[in-house]
Amino acid sequence: QGPDGSGSFTQEMLDFITYTQRDYSEQTLKNFAFNIAGDLADMPAGTLGFAAGAEFRDHEGSFRPDPIAARGETAGIPSGGTAGAFDVTEFYAEVNVPLLDGASGADYLEVNLAARASDYSTFGSESTYKASALWRVVPDFSVRASFSTGFRAPGIGELFGGAAREDFTYFDPCADYTGALGAANGGRDDPQPANIQANCATLGVDPGLAQVNPQFSAVSAGNEDLTPEESDNWTAGFVWSPSWSESADWTEGITVSLDVYNLEIDNAVQGLNPGDLIDACIETLDPDLCALVPRTAAGQIGLVNNQLQNIGSIEAMGFDLMVDYLAPETNAGQFSARLDLTKLGDYTETTTNPDGSVSENDLTGQHTDETFARAFPETRANVTVGWNRDRWSGSLIFRYTGDMTTDDGSDLDSVVFTDLRATYQPNVLDDALSVTLGFNNLLDEDPPVCFPCGVIGLSTVSHDLPGRVGYIRVTYER
């Protein structure tokens, strides 16, 4: 239409070739729960507490994409419809047992035990448990630890999701497998090993096949045979809150906590690398694998079927640090400061390949360029400066995300975003009303450029979008 509307394209022409996309989705959850909690008995160190309950949940969901989008006639990623349902019945119990109180070397000691049994209509029964302990060595210093198991049941999209396309760049091992064409003509300069040549011939691929397009497509769909992701994790840490800080001239309270965590997940739900599927078919000629990698009559790779599978495991470890400081009250109000820092020491995904081999992918400090990108910065931190005076309060927050490395080896710089908000609580409605004015990215900091992160050249999973965002929020709470 031209920058000033004087081009040759009319609005009627644009209306004829464009459309309004309409997708429809529906989610229904029916939930029935019974819970009971209370004290079972008085013990020398305190009260023995318990909680128990039962719950039934019925999940149902569907997604119907616009027919034009489903046919792939848009610039987006085509996806099929989804429809499915499942239900779960659960029982749980938990007890909190105080063991020591006021003893030498144990100002207080308690143990918490919990268990849950779940029965899913999709995959059957699963049980989890947790054991944790809190040991207050002296009034100022506590140690805590926990060990627990867990699971994540596949959702409706993972179980019943329609096929969604993904595109990937790949060089077919069967393209010009004798090396007759050369790389300049869509082939290769050197022949493939004898076993690959023999297998490509068995698959019916002509020796002179040239790869006409460096990009292929795969579809990822739900799988009703998925089982839950299972996890084991432990944490350990301490809390130090010195009593002298409550009466010092320069502070009314200091608290420091440090927690270390380790998490292991098995049977992680994910799709394989489509190129690995192609390699496995050619190397093994397994009929089940090759059925997922169809070829056209001309020998070119068709649409690869990359259905979700329980094929992976994840191991992560790191630590969280919190430092909280409360200043004495002044005529200008009372100020506070808090540091929340998390350090990722390791995040490794292990995948079982179609041929049975195992691949490890260390994502610590990485930003991926997958269709749905993920970010694993080694360091994240928030520094919050708070203020309170009469009916006013406010906070200034600095959000730091450390640097990362992208899949192509380039650096994604660290960045700090600054947020500011102020709240006023008027003397009306029994103090149930408050008004907040806030600004996210107050200093209008631009996110670092990330060309491998997608077509917009920045990360949408780890950084703010460009620009300053202002808001007003009115809250009524009783």
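The values are calculated or read from the model by the stated rules, or taken from the named source; none is laboratory data. If you're wondering where the values come from, they're calculated on a predicted model, not measured in any experiment. Backbone-built Cβ (ideal geometry, glycine too); neighbour counts: all protein chains shown. Remember, those area values only see protein heavy atoms, side chains included, never the ligands or the DNA or RNA. Shrake-Rupley method; radii C 1.70, N 1.55, O 1.52, S 1.80 Å.
So the values come out like this:
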item	result
MET322 being closer than 23 Å to GLU229 by Cβ, in a strand (DSSP E or B) and within 26 Å of the chain's Cα centre (by Cα)	no
Which listed residue, of PHE171, PHE147, is part of a loop (DSSP other than H, G, I, E, B), aromatic (Phe, Trp, Tyr) and open to solvent by 60 Å² or more (accessible area, probe 1.4 Å)	PHE171
Residue in the stretch 64-73 that is farthest from TYR24 (Cα to Cα), counting only those that are open to solvent by 40 Å² or more (accessible area, probe 1.4 Å) and part of a loop (DSSP other than H, G, I, E, B)	GLU73
Flag for ASP206 being open to solvent by 50 Å² or more (accessible area, probe 1.4 Å) and either at pLDDT below 90 or more than 25 Å from ALA373 (Cα to Cα) (or both)	yes
Subset of the stretch 410-440 (residues that are more than 23 Å from GLU378 (Cβ to Cβ) and either surrounded by 15 or more Cβ atoms within 10 Å (Cβ to Cβ) or touching a residue at least 60 places away in the same chain (Cβ under 8 Å) (or both))	LEU420, ARG421, ALA422, THR423, GLN425, LEU433, SER434, THR436, GLY438, PHE439, ASN440
Test result for TRP234, exposed (fewer than 15 other Cβ atoms within 10 Å of the Cβ), at pLDDT 90 or above and not aliphatic (A, V, I, L, M)	no
Residues of the stretch 241-297 that turn out to be charged (D, E, K, R), part of a helix (DSSP H, G or I) and either under 30 Å from LEU226 (Cα atoms) or touching a Cys at 6+ places or on another chain (Cβ under 9 Å) (or both), as a count	4
Filtered residues of the stretch 77-97 (kept if open to solvent by 40 Å² or more (accessible area, probe 1.4 Å) and among the small types (Gly, Ala, Ser))	GLY81, ALA83, ALA85, ALA93
Complete set of residues in the stretch 320-343 that are touching a Leu at 6+ places or on another chain (Cβ under 7 Å) and of a type in the set (Gly, Ala, Ser)	SER336
Residues that are over 16 Å from VAL304 (Cβ atoms) and open to solvent by 40 Å² or more (accessible area, probe 1.4 Å), drawn from the stretch 266-276	ASP266, ASN267
Pairs with Cβ under 8 Å, 6+ apart, first in the stretch 73-100 and farther than 29 Å from SER148 by Cβ, second in a loop (DSSP other than H, G, I, E, B) and among the hydrophobic types (A, V, I, L, M, F, W, C)	SER79/ALA163; GLY80/ALA163; GLY80/ALA221
Unique match (being open to solvent by 60 Å² or more (accessible area, probe 1.4 Å) and in contact (Cβ under 8 Å) with a residue 24 or more places away in the chain) among ASP279, ASP259, ASP288, ASP249	ASP249
Tally, over the stretch 377-400, of residues that are open to solvent by less than 50 Å² (accessible area, probe 1.4 Å) and either at pLDDT below 95 or touching a Ser or Thr at 6+ places or on another chain (Cβ under 6 Å) (or both)	6
Criterion violated by TRP244 - all others in (1) within 30 Å of ALA327 (Cβ to Cβ); (2) in contact with a strand residue (DSSP E or B) (Cβ under 6 Å, 6 or more places away or on another chain) satisfied	(2)
Residue within the stretch 451-462 that is open to solvent by 60 Å² or more (accessible area, probe 1.4 Å), among the hydrophobic types (A, V, I, L, M, F, W, C), at pLDDT 95 or above and within 30 Å of the chain's Cα centre (by Cα) present	no
Tally of residues being of a type in the set (Gly, Ala, Ser), touching a residue at least 24 places away in the same chain (Cβ under 8 Å) and closer than 30 Å to SER257 by Cβ across the stretch 131-183	6
Residue satisfying all of: in the stretch 274-289; of a type in the set (A, V, I, L, M, F, W, C) and closer than 17 Å to GLN192 by Cβ; farthest from the chain's Cα centre (by Cα) among these	LEU285
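Residue by residue, here is whether (1) under 32 Å from the mean Cα position of the chain (by Cα); (2) open to solvent by 70 Å² or more (accessible area, probe 1.4 Å); (3) farther than 19 Å from SER243 by Cβ holds:
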site: ASN112; (1), (2), (3): yes, no, yes
site: ARG116; (1), (2), (3): yes, yes, yes
site: ASP119; (1), (2), (3): yes, yes, yes
site: GLU126; (1), (2), (3): yes, no, yes
site: TYR129; (1), (2), (3): yes, yes, yes
site: VAL137; (1), (2), (3): no, no, no
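Residue-by-condition table, conditions (1) touching a Leu at 6+ places or on another chain (Cβ under 8 Å); (2) basic (Lys, Arg); (3) open to solvent by 90 Å² or more (accessible area, probe 1.4 Å):
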| site | (1), (2), (3) |
| --- | --- |
| PRO3 | no, no, yes |
| THR10 | no, no, no |
| THR28 | no, no, no |
| ASN31 | no, no, no |
| LEU40 | yes, no, yes |
| GLY53 | no, no, no |
